[in-house]
Amino acid sequence: MNGKVKIGLMGLGTVGTGVVRLVESFQEDLFKQTGSSLEISRILIKNPDKKRSIYVHPDKLTTNPDDLIYDDEIEVVIEVMGGIEPARTYILEAFENGKHVVTANKDLLAAHGDELLRKAAEKGCDLFYEASVAGGIPILKTVVEGFSSDRITQIMGIVNGTTNYILTKMTQEGLPFEQVLREAQELGYAEPDPTSDVEGLDAARKMAILATLGFHVGMKWDDVACKGISEVTQEDIRYGKQLGYTMKLIGIAKRDDDCVEVSVEPTFVANSHPIANVNDVFNAVYVYGEAVGETMFYGPGAGELPTATAVLSDLVTVVKNSKLGINGREMAFPYHEKRLKSPEQIFAKYFVRLIVQDESGVLARIAKLMAENEISLEKVLQEPYGKEDAELIIVTHSASKASIERFLEEVQEFHIVKELKSCYRVEGGE
Ligand code: NDP
Ligand code: HSE
């Protein structure tokens, strides 16, 4: 790469707009760091009639991907369109034509990361995707480079800004789910199909990428046990508060004896844990290294400019690599065999909310069933529910996922149990 690096930008939505803004406003610093001026020479869009929030010269805009992929002057393609296809095909074609690629596309990485990395390496091209996880937090470089001298045993965090925004507003302001989701969409945090955010799929993709890089095991997004926040109610949140917990969508990746578990689920976090205070669109990722112990990374997890900074930092790395002649040599391929834990090997504390008949002996019968399933009780809360029933909230000590699943199935067979309202994982606390 010489004095001027030409870039093809695929997508001019929330993130693409941020990239254009930052390339323009940070031009001088970028030049000083890379020794090249960076120019976005073509921009691929879908709808030429759409009103844009920034001015772009009309000659730069195109609806034809070949104008970027087959332009010999373009050396780097930034893909911020989203989705699997046609993004996958365009990126593979870009590699075929010797172009380096920077992307923010976790859907694509979590499903086809291996294929893309191999093609990039085969063609001597870079493929970087810092923006795909935790928006503005440079967590992938941290995990790959910062922890290269350690052995990561656990990664836990809030990695979806939209759901954290929704849960924060539901918890602090008692606002309804639908209203807050609309706000998150207007702010550009949500995916084009917000089901990805709400049902935990976006976080599952990010956790698959983090676990792959952190544990050197090839994880796909469907290896992640995933549950979203659409069934979380104001009652759950209120009972959690009474017991000293805050509801968060938590991703957890753990490695024990070379077996891994990765999950994303609504989780009650003890208020004493710092992650309980990570609010709004902010993300936080805890990384536990065998040697270093606990570390925490915090920052905005979505949005135009935070995400664009992550894209640009990858772009700077591509240009620097080119100056050093090391493009295509930094690829991190998984080298451990994938062995997923069984439900018997996964341990956590749980919050269980049941509607039961309000009569003597009920708690004793439920406690006996728990003991039979090797589950011990940590906290119990009971409140009246209608005229004859009671709402029973139980927090367990650490128990296996298999035990809890068995208990939940068996307890619903008791005639004294009217309804299983909810069950959530609990993190933090004693
Ligand atoms: P947007 O929906 O805001 O923008 C998508 C852009 O891509 C639009 O400009 C659209 O064109 C263009 N586009 C989509 N499909 C095509 C196609 N087939 N051909 C040509 N152009 C196309 O998405 P975001 O900017 O929010 O997200 C982009 C990527 O970044 C996604 O992978 C997302 O997961 C990821 N990401 C997003 C974050 C955020 O905060 N929003 C944070 C981190 C990652 P047009 O404008 O003409 O419709
Ligand atoms: N929709 C995603 C989120 C964007 O809310 O976290 C950032 O990846």
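Of the candidates Asp236, Asp257, the single residue that is among the acidic types (Asp, Glu), away from ligand 1 (no atom under 16 Å from the Cβ), at pLDDT 95 or above and out of contact with any Gly (no Cβ under 6 Å at 6 or more places or on another chain) is Asp236. In region 36-47, the count of residues that are modelled with pLDDT of 95 or more and over 25 Å from Phe95 (Cβ atoms) is one or more. Restricting to region 125-144, and then to whatever is open to solvent by 10 Å² or more (accessible area, probe 1.4 Å) and more than 16 Å from ligand 2 (Cβ to nearest atom), can you tell me which residue is farthest from His112 (Cα to Cα)? Here the answer is Thr142.
Residues that are open to solvent by less than 90 Å² (accessible area, probe 1.4 Å) and near ligand 1 (Cβ under 6 Å from one of its atoms) were ranked within region 45-54; the one that is farthest from Thr14 (Cα to Cα) is Asn47. Only a single criterion out of (1) more than 15 Å from the chain's Cα centre (by Cα); (2) within 16 Å of ligand 2 (Cβ to nearest atom); (3) not in a loop (DSSP other than H, G, I, E, B) is not satisfied by Ser230, namely (3). Residues of region 153-189 that are open to solvent by 50 Å² or more (accessible area, probe 1.4 Å), within 16 Å of ligand 1 (Cβ to nearest atom) and in a loop (DSSP other than H, G, I, E, B): Leu187 alone.
What residue, among those in region 107-124 that are within 16 Å of ligand 2 (Cβ to nearest atom) and open to solvent by 20 Å² or more (accessible area, probe 1.4 Å), is modelled with the highest pLDDT?
First, the residues of region 107-124 that are within 16 Å of ligand 2 (Cβ to nearest atom): 107-111, 113.
Then keep just the ones that are open to solvent by 20 Å² or more (accessible area, probe 1.4 Å); that gives 107, 111.
Numbers: Asp107: 94, Ala111: 91.
Among them, the one singled out is Asp107.
Restricting the search to strands (runs of 3 or more DSSP E) fully inside region 238-327 and requiring at least 3 residues that are open to solvent by 40 Å² or more (accessible area, probe 1.4 Å) and touching a strand residue (DSSP E or B) at 6+ places or on another chain (Cβ under 9 Å) gives 293-300.
Each row is one residue, and each column tells you yes or no for (1) in contact (Cβ under 8 Å) with a residue 12 or more places away in the chain; (2) surrounded by fewer than 18 Cβ atoms within 10 Å (Cβ to Cβ); (3) near ligand 1 (Cβ under 9 Å from one of its atoms).
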position: Val20; (1), (2), (3): yes, no, no
position: Phe31; (1), (2), (3): no, yes, no
position: Ile43; (1), (2), (3): yes, no, yes
position: Val56; (1), (2), (3): yes, yes, no
position: Pro86; (1), (2), (3): yes, yes, yes
position: Tyr90; (1), (2), (3): yes, no, yes
position: Asn105; (1), (2), (3): yes, no, yes
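Tell me yes or no: at least one residue of region 343-354 is more than 33 Å from the chain's Cα centre (by Cα) and under 29 Å from Arg238 (Cα atoms). Taking every residue of region 343-354 in turn, none turns out to be more than 33 Å from the chain's Cα centre (by Cα) and under 29 Å from Arg238 (Cα atoms).
Annotation note: of Asp193, Asp150, the sole residue that is modelled with pLDDT of 95 or more, open to solvent by 20 Å² or more (accessible area, probe 1.4 Å) and assigned to a loop (DSSP other than H, G, I, E, B) is Asp150.
Considering only residues that are acidic (Asp, Glu), closer than 21 Å to Gln242 by Cβ and open to solvent by 70 Å² or more (accessible area, probe 1.4 Å), which ones fall in region 358-388? If you could, list the steps in order and put the result at the bottom.
Filtering region 358-388 for residues acidic (Asp, Glu) gives 358-359, 372, 374, 378, 383, 388.
Those left that are additionally closer than 21 Å to Gln242 by Cβ: 358, 378, 383.
Listed by number, the list holds a single entry, Asp358.
Against the conditions (1) closer than 27 Å to Thr295 by Cα; (2) at pLDDT 95 or above; (3) more than 16 Å from ligand 1 (Cβ to nearest atom), Met219 satisfies every one except (2).
The values are calculated or read from the model by the stated rules, or taken from the named source; none is laboratory data. Just so it is clear, the structure is predicted and the values come from calculations on it, not from any experiment. All Cβ positions, even for glycine, are placed from backbone atoms using ideal geometry, and neighbour counts span all protein chains on display. What goes into the accessible areas is simple: the full protein's heavy atoms, side chains included, and nothing from ligands, DNA or RNA. Shrake-Rupley method; radii C 1.70, N 1.55, O 1.52, S 1.80 Å.
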